[in-house]
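Notes follow the structure.
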Amino acid sequence: MGQAFGKSRVAPRALGKYLAQIAIVFVAYFVAGKLGQATTNIRSGNIGPVWPAFGIALAAVLLCGYRVWLGIAAGAFLLMFLSPVPHVAAVGQAAGATLAALTGAFLLRRIVKFDSSLSRLRDALGLIVLGAFGSAMVSASIGVAVLYATHVQAYSGLSSAWLIYWFGDSTGVLLITTLALTLPSLLKIRHRVRVAEFAALLLLLTLASLAVFSDHSLLPVKLHVLAFAVLPFVIWAAVRFGMSGAALATLFVATIATVETAFGSGPFARNTPFTNAVLLDVFFTVLSISGMTLAAVIAEREQAQDQREQLVREQAAIEARLRFATIIESSDDAIIGTDAAGTVTDWNKGAERLYGYSAGEVIGRPVVLLVPPDRSNDCAKIMNEVKQGTPVKHYETVRRKKDGTPVEVSLTGSPIFSPDGEVVGLSTIERDITGRKRQETILRNSEERFRLAAHAGKMFAYEWDAATDVLVRSAESTSILGIDETAHLTGQLILGRIHPDDRERLGAAIAGLSPKKTNLQVSYRIIRPDDSVIWVERNSLAHFDKQGSLLRIVGMVADITERKRAEEALSSARLRLIEAQEQERTRIARELHDDIGQRLALLTIELDQLQRNAASLPAEVRARLGELRKQAAEMASDIQSLSHEMHSSKLEYLGIAAAMKGFCREFGEKQKVEVDFKSHDLPAPLPRDISLCLFRVLQEALRNSAKHSGVRNFEVRLWGTPHVDEIHLTVRDSGAGFDSEAAKESRGLGLISMEERLKLLNGTFSIDSQPNHGTTVHARVPLTSGRDSMRAAG
């Protein structure tokens, strides 16, 4: 009964909201239509160059849904009923306007996946093409047909009437719908300076529009040719105030131009009514499209910047989850977490079993509670190493249980970092190794199982007999494979569960076992009985008889599905970061070349002309002008070189060989060094991602060589190996060299960037260097990685 009562209250509320929406749409359409009919001087046969009511109709459907069609139809019918057209024509025009609005909204939602905030370029283009021009074809076709069917003729003929009808509804969408959808964002402006700026913009725009369109007697000269002088104000509004600002600015211009044209003033009142209406509509369309597309591009660029920042945060979150997953996968051991001061913060069940303390007894107390007096320096030593960012591996020490019994443990500790890179604590995995001191044989087996367990969370042991093909496995296999451990399982049956794409690789790995190569480590996918797919890692040891025949294989199988997903997520985040970096490089390079570079070039020309015309000036001034011109030219050249370095157009249009050769020449000229570049056996065309990767590696390697080698001659080689389908790049110098092992430990940003780029293409990267014997950087990329990425992109 309570539910029925609740529904009875909700239904009238929903109905009231619906009726309110219908009423608002009805009134808004009627008022907008009356405003559109006000300019009778430039209308003909109930058709005019601007019909704002259709913009209201499309906005209403996009904001409130298809159900408000009744308000549109009622408003359109009443408006046409009160106009000087037959009642049948009024019904037809109302039906055409309603159907056109519904059609436009349907096309925008279905094709463009329209977002009413208009923050994407495709939303703006969709509103222009489908919402304005597309849907207006429906209303124009139906409206003109019913008018002519009822003997109401407009302008100079059917085609002319249809064109004005179509233009009128289209401009109504461009002017009114855009503003109605984005007006809330404009109303959010609260800062006084921004409000003052917007008010100044509208004031100046109004004055400029009146000067162009009013033909006022105060202006002795007609400014008709300056009609598009209002466009900079629309651009100003789009840049500073987004889509809503551009829409409102365009509406101001359209209102003034329409009213003045109706009174016979301005550049669009000098021809026939049809020509004036067409020119007026074209003018409004150009202004609207310019403002909308510019505002959408700016909004999309701002969203891209926000997405790049979000990617950085996502990568940090993924790395944090990986650290957490490492702890969870090792949960069979004693896992203890402490803060930087040595206070226990985490205590798992394994620690409870090992030391006898419950979590409530230990958390919040110093970890020295577990340390015997004679080992008091151990904690300080371990914490000092961890604070320097150095992990502690397999450190053997003595701990004390709750009952005072000493226990020998092997300790592995890793630092815990804060988001800003500061060491805030220590995570340790501790294992009882007392039994190893008593039984060395058991110790070796235990250490092997522990190493396997440390690299995998969920795992099971197995043994496969080559003679019987019987596979025996531990109970943990049930939850991993989804097959009960008591079920009879053979190697042939389990092979049928291997993913088809991995069977050949697994078979090749097993076939490669021999008395000299008994270890097997391979990862592959398994299809469970419920058709779900998991990743497993298999670490095995093969046993052979004296004749070299395989007897059995024993080992561990670990479920690494979560780790694979985390690795894929991290790889995807890195790829998006690199793509975002390249996009930003391209943008900056374009701005340097097209803006700053051109302005410096113009400055150089001006200085040159000034120097030529300065014959009457003192020689010291002319010399100073020459120096300034030379400095400006050098700055322009440097900016152009930097632009090409950040985004090489040669790489895009001429290929990698030409781009690298050009870069080596420009680099040599700039750095006053000699770079010998040669290439051969390159496939054509080389995939873009491979070309860009190797080009960035070349840039970084040459910079490092020029900076650290101490020599002036470098050798660059680029070649392909068709028989193995690979591309190679080497950068070699005969300079000072360095300790390559120390360089790998330091891992500067340049080295990390090269390695990450090549890793995403399944490539390899190596540095061969020795002090005073030169350095060779070698990058190798399989050509198939680029083809795969091209197919994926396609």
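The values are calculated or read from the model by the stated rules, or taken from the named source; none is laboratory data. It should be emphasised that the depicted structure is a prediction, and the values quoted were computed from it without experimental measurement. Using ideal geometry, Cβ is built from the backbone for each residue, glycine included, and neighbour counts are taken over all protein chains shown. Ligands, DNA and RNA are excluded from the accessible area calculation, which covers all protein heavy atoms including side chains. Shrake-Rupley method; radii C 1.70, N 1.55, O 1.52, S 1.80 Å.
Observations
- Filter result for Gln547 (in contact with a helix residue (DSSP H, G or I) (Cβ under 9 Å, 6 or more places away or on another chain), at pLDDT 85 or above and more than 20 Å from Val470 (Cβ to Cβ)): no
- Looking across segment 519-530, the residues that are open to solvent by less than 40 Å² (accessible area, probe 1.4 Å) and over 19 Å from Asp484 (Cα atoms) come down to Leu520, Val522, Ser523, Tyr524.
- Qualifying position, being of a type outside the set (D, E, K, R), free of Cβ contacts under 8 Å to residues at least 60 places away in the same chain, within 12 Å of Glu430 (Cβ to Cβ) and buried (at least 16 other Cβ atoms within 10 Å of the Cβ), among Ile382, Ile335: Ile382
- Only residues that are over 27 Å from Gly389 (Cβ atoms), modelled with pLDDT of 80 or more and open to solvent by less than 50 Å² (accessible area, probe 1.4 Å) were counted across segment 743-774, and they come to 2.
- Every condition in (1) in contact (Cβ under 8 Å) with a residue 24 or more places away in the chain; (2) open to solvent by 50 Å² or more (accessible area, probe 1.4 Å); (3) of a type in the set (Lys, Arg) holds for Lys516 except the one numbered (1).
- Residue in segment 484-500 that is at pLDDT 85 or above, assigned to a loop (DSSP other than H, G, I, E, B) and open to solvent by 30 Å² or more (accessible area, probe 1.4 Å) present: yes
- Being within 18 Å of Arg473 (Cα to Cα) and either open to solvent by 30 Å² or more (accessible area, probe 1.4 Å) or free of Cβ contacts under 8 Å to residues at least 60 places away in the same chain (or both) is a property that Val533 lacks.
- If you filter segment 271-309 down to residues that are aliphatic (A, V, I, L, M) and under 18 Å from Ser185 (Cβ atoms), you find that the one that is surrounded by the most Cβ atoms within 10 Å (Cβ to Cβ) is Ala295.
- Subset of segment 104-141 [open to solvent by less than 40 Å² (accessible area, probe 1.4 Å), more than 14 Å from Trp51 (Cβ to Cβ) and of a type in the set (S, T, N, Q)]: Ser119
- Taken across segment 176-188, residues that are more than 22 Å from Glu300 (Cβ to Cβ), buried (at least 16 other Cβ atoms within 10 Å of the Cβ), modelled with pLDDT under 85 and not β-branched (Val, Ile, Thr) do not occur at all.
- Residues of segment 60-94 satisfying the condition of being touching a residue at least 12 places away in the same chain (Cβ under 8 Å) and not in a helix (DSSP H, G or I): Ser83, Pro84, Val85, Pro86
- If the condition is being modelled with pLDDT of 85 or more and in a loop (DSSP other than H, G, I, E, B), then segment 405-440 contributes only Thr405.
- Residue check for Ala145: part of a helix (DSSP H, G or I), aliphatic (A, V, I, L, M) and over 24 Å from Asn276 (Cβ atoms): yes
- Count of segment 501-513 residues which are among the hydrophobic types (A, V, I, L, M, F, W, C) and open to solvent by less than 50 Å² (accessible area, probe 1.4 Å): 3
- Any hit, segment 235-244, residues being under 36 Å from the mean Cα position of the chain (by Cα), of a type in the set (D, E, K, R) and either at pLDDT 85 or above or open to solvent by 70 Å² or more (accessible area, probe 1.4 Å) (or both): yes
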